[in-house]
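Can you keep this structure in mind? I'll have questions shortly.
The values are calculated or read from the model by the stated rules, or taken from the named source; none is laboratory data. Quick caveat: nothing in here was measured; it's all calculated off a predicted structure. Glycine also receives a Cβ, built like all others from the backbone with ideal geometry; neighbour counts cover every protein chain displayed.
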Amino acid sequence: MKLFIVILTSLLFTMCSQREVKQYSIEQFYKNKQIYGGTFSPDNSTLLVTSNQTGIYNVFALPVDGSPARPLTHSEKESFFAVSYLPDGNGFLYSADEGGNENNHLFWVDSSGRTTDITPFDKSKSAFFKWSHDGKSFFLTSNKRDPKFFDLYEKKISALDDARALTMIYRNDQGFSIGAVSENKKYLALSRAVTTSMNELFLYDRENDALKRISTEGEDASYAPQYFDLQSAYLYYLTNEGSEYTYLARYNLKDGGREKVFSTNWDVWYANTSHNEKYRVIGINEDARTVIHLFDRQSGREVKVPDIEGGSISSVGISRDERLLRLTVSSSAMPANIYVYDLGAGTLKRLTETLNPEIDARDLVEGRVIRYPSFDGLEIPAILYQPRQASASHKVPALVWVHGGPGGQSRLNYFALIQYLVNHGYAVLAVNNRGSSGYGKSFYKMDDRNHGEKDLKDCIAGKDYLAGLDVVDGDRIGIIGGSYGGYMVMAALTFAPEEFDVGVNIFGVTNWLRTLKSVPPYWESFRKALYAELGDPFTADSVRLKRISPLFHAANVQKPLMVLQGANDPRVLQVESDEIVEAVRANGVPVEYVLFPDEGHGFRKKENEIKGYGQVLRFLDKYLKGQKESGSPARNAGE
């Protein structure tokens with residue numbers, strides 16, 4: 001049966017590969033626009049969005065009538081990320097750090113264009129939390145008092161130009177994560193991590209300085225506060241208590257009663273309500289794709305939202321008057337686009353065209369969810385991208401792609417690098433190895449204290465799956481990934497040096513001892529949970545952590561390696577990549593190292609993506625595709 005599925009998959013893709021495929025340059029792929037966010041202005045005339053159409057992220061006003069977006073910020077150095085319009089119409093808020101150092105500040109741009117840093121606190125990280133219902137103030141979190149913990153503050157919009165005018169709502173001395181604030185400001189929902197898959201949920205009564213546990217003591221479950229209702233009578237939260245999958249529940253603040261509100265056989269990802277609670281939005285993580293449900297709360301009936309060809313709705317924003325919906329629509333073969341839907345009139349308008357018009361959408365490839373058996377028979381979900389030009393007579397090289405985390409998930413979202421590689425003749429299998437989120441809590445916990453071992457074997461089984469496809473050259477399969485995925489690349493090259501033909505490590509961990517000892521101070525509330533999953537570097541766990549750290553086994557690396565790293569990365573320090581590059585070069589193995597002085601943990605600037613990812617393809621063409629490529633090359637649209 002499994003062999004039949006493999007053959008059928010290959011036949012289906014082969015049938016779709018008959019037309020001539022154009023190939024595009026990295027510059028053409030990164031002429032695509034990324035646009036996300038989208039809060040409505042008070043008069044519903046525009047959406048506040050973030051876009052990198054200028055080459056770096058800036059804030060734009062996107063008119064709902066379909067006219068072009070207008071830039072509201074003009075940064076050429078740092079990325080600016082939209083937060084929200086002010087409810088009184090006097091400008092907007094945005095967030096920015098310096099060079100990717102993750103010390104974010106909040107900025108206010110008033111209606112005259114004047115910019116004010118409203119959190120000018122040195123070496124601190126501040127973040128917008130939510131608006132008060134009357135729109136006269138908002139809540140924000142900041143670690144300005146103690147770098148390890150985030151306190152909760154209230155800021156009145158009448159005092160935005162006075163950084164000292166902050167009211168502390170909650171002093172966080174116990175390492176809680178702040179999840180929700182009741183509308184009467186009496187209650188806070190607080191959570192505390194125990195492990196990466198288990199936490200505790202508490203209700204804090206500010207008036208009586210009383211802390212009450214809501215989670216079941218000792219229960220192996222996760223809890224995520226979502227919101228309090230407007231009457232401050234219920235707390236709505238996500239949990240997988242007593243269930244394999246996460247569902248929406250609510251807690252009665254008066255009598256302590258709890259009830260399940262919504263559940264399905266996938267994880268509920270998020271839930272929220274519109275301004276006056278007419279609608280509830282629920283997002284489901286359904287097999288690597290977001291599925292949205294919109295409910296009329298009074299009738300309990302689901303509200304029909306339009307089906308949009310070429311993608312699925314990944315997020316919804318609702319205007320303050322509850323009349324308009326902002327719909328973000330995405331797919332694995334199309335950059336996300338924004339639509340506006342008028343609930344009363346039933347009309348839908350597309351506001352963006354994010355795909356570079358030089359690219360024919362027919363040349364891009366939709367990812368296909370597949371499953372394959374691992375070494376122990378466990379079924380591993382993955383997303384397969386197969387070049388349209390691949391066939392049994394034109395076998396292509398392939399890559400196993402590993403997501404970040406630990407605990408991340410490869411999803412059916414657009415990523416230009418994957419499409420670029422597939423367009424240039426590489427099959428890509430984005431694996432969701434054991435330990436990935438989205439497939440139930442048992443699957444999520446399967447990599448605990450197994451990193452570099454069973455999860456690596458899942459990746460190797462993914463390579464074997466690729467090699468079994470009749471359109472893939474089983475002698476030319478590499479591995480690529482970023483962050484935790486970069487660690488898996490190095491684990492593969494050191495602990496299974498014969499399995500993959502090349503590796504591309506994008507800011508990946510290579511020395512767990514250093515990484516776990518040097519986590520940013522604002523991770524303090526999560527640090528013990530991280531140690532519970534991976535190991536505590538200050539205990540006897542250090543023996544195992546050294547054993548699974550590729551740096552200490554770099555002499556095993558035999559295959560060509562490429563490393564990309566941001567110099568300002570606070571999570572995976574530059575020294576991690578410096579040392580692994582030096583160690584592997586000592587083996588006489590080809591190593592290419594690309595360091596970006598103005599990036600952190602990931603790329604924010606198009607010029608750096610173009611440089612780095614363009615070099616990735618050249619590296620793969622040289623060391624993986626090499627001279628073994630057969631068949632006539634596809635026509636290059638950039639030539």
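For the stretch 344-374, how many residues are out of contact with any helix residue (DSSP H, G or I) (no Cβ under 9 Å at 6 or more places or on another chain), crowded, with 18+ Cβ neighbours inside 10 Å and among the hydrophobic types (A, V, I, L, M, F, W, C)?
So the answer is 1.
Just need a number here: residues in the stretch 52-80 that are within 15 Å of residue 38 (Cβ to Cβ), surrounded by fewer than 17 Cβ atoms within 10 Å (Cβ to Cβ) and not charged (D, E, K, R).
Within the stretch 52-80, residues that are within 15 Å of residue 38 (Cβ to Cβ), surrounded by fewer than 17 Cβ atoms within 10 Å (Cβ to Cβ) and not charged (D, E, K, R) number 2.
For the stretch 545-557, state whether one or more residues are among the β-branched types (Val, Ile, Thr) and touching a residue at least 60 places away in the same chain (Cβ under 8 Å).
Taking every residue of the stretch 545-557 in turn, at least one turns out to be among the β-branched types (Val, Ile, Thr) and touching a residue at least 60 places away in the same chain (Cβ under 8 Å).
Test each condition in (1) of a type outside the set (S, T, N, Q); (2) closer than 24 Å to residue 33 by Cβ; (3) at pLDDT 90 or above for residue 590 and report the one that comes out false.
Exception for residue 590: condition (2).
Filter the stretch 216-267 for residues that are in a loop (DSSP other than H, G, I, E, B) and among the β-branched types (Val, Ile, Thr); which is nearest to residue 191 (Cα to Cα)?
Checking each candidate, the answer is 216.
Quickly run through the stretch 587-597 and pick out the residues that are closer than 27 Å to residue 53 by Cβ and surrounded by 17 or more Cβ atoms within 10 Å (Cβ to Cβ).
Across the stretch 587-597, the qualifying residues are 594, 596.
Assess whether residue 497 counts as being more than 22 Å from the chain's Cα centre (by Cα), touching a residue at least 24 places away in the same chain (Cβ under 8 Å) and either within 22 Å of residue 577 (Cβ to Cβ) or assigned by TED's automatic domain parsing to the domain that holds residue 580 (or both).
yes
Table: residues versus (1) in contact (Cβ under 8 Å) with a residue 12 or more places away in the chain; (2) surrounded by 23 or more Cβ atoms within 10 Å (Cβ to Cβ); (3) within 30 Å of residue 597 (Cα to Cα); (4) in the same structural domain as residue 396 (by TED's automatic domain parsing).
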site	(1), (2), (3), (4)
447	yes, yes, no, yes
490	yes, yes, yes, yes
527	no, no, yes, no
533	yes, no, no, no
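Residue-by-condition table, conditions (1) in a loop (DSSP other than H, G, I, E, B); (2) over 20 Å from residue 331 (Cα atoms):
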{"site": "406", "(1), (2)": "yes, yes"}
{"site": "410", "(1), (2)": "yes, no"}
{"site": "413", "(1), (2)": "yes, no"}
{"site": "420", "(1), (2)": "no, no"}
{"site": "434", "(1), (2)": "yes, yes"}
{"site": "452", "(1), (2)": "yes, yes"}
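If you don't mind, there's one more thing I want to ask. Here is a check on your reading of the model: is residue 189 in contact with a Gly (Cβ under 6 Å, 6 or more places away or on another chain) and not basic (Lys, Arg)?
Judged against the criteria, residue 189 is a match.
Further question: Take residue 502 and tell me if it is surrounded by 18 or more Cβ atoms within 10 Å (Cβ to Cβ) and either in the same structural domain as residue 586 (by TED's automatic domain parsing) or among the β-branched types (Val, Ile, Thr) (or both).
Yes, satisfied.
Any chance you could count how many residues in the stretch 81-90 are more than 20 Å from the chain's Cα centre (by Cα) and either surrounded by 20 or more Cβ atoms within 10 Å (Cβ to Cβ) or of a type in the set (Phe, Trp, Tyr) (or both)?
2
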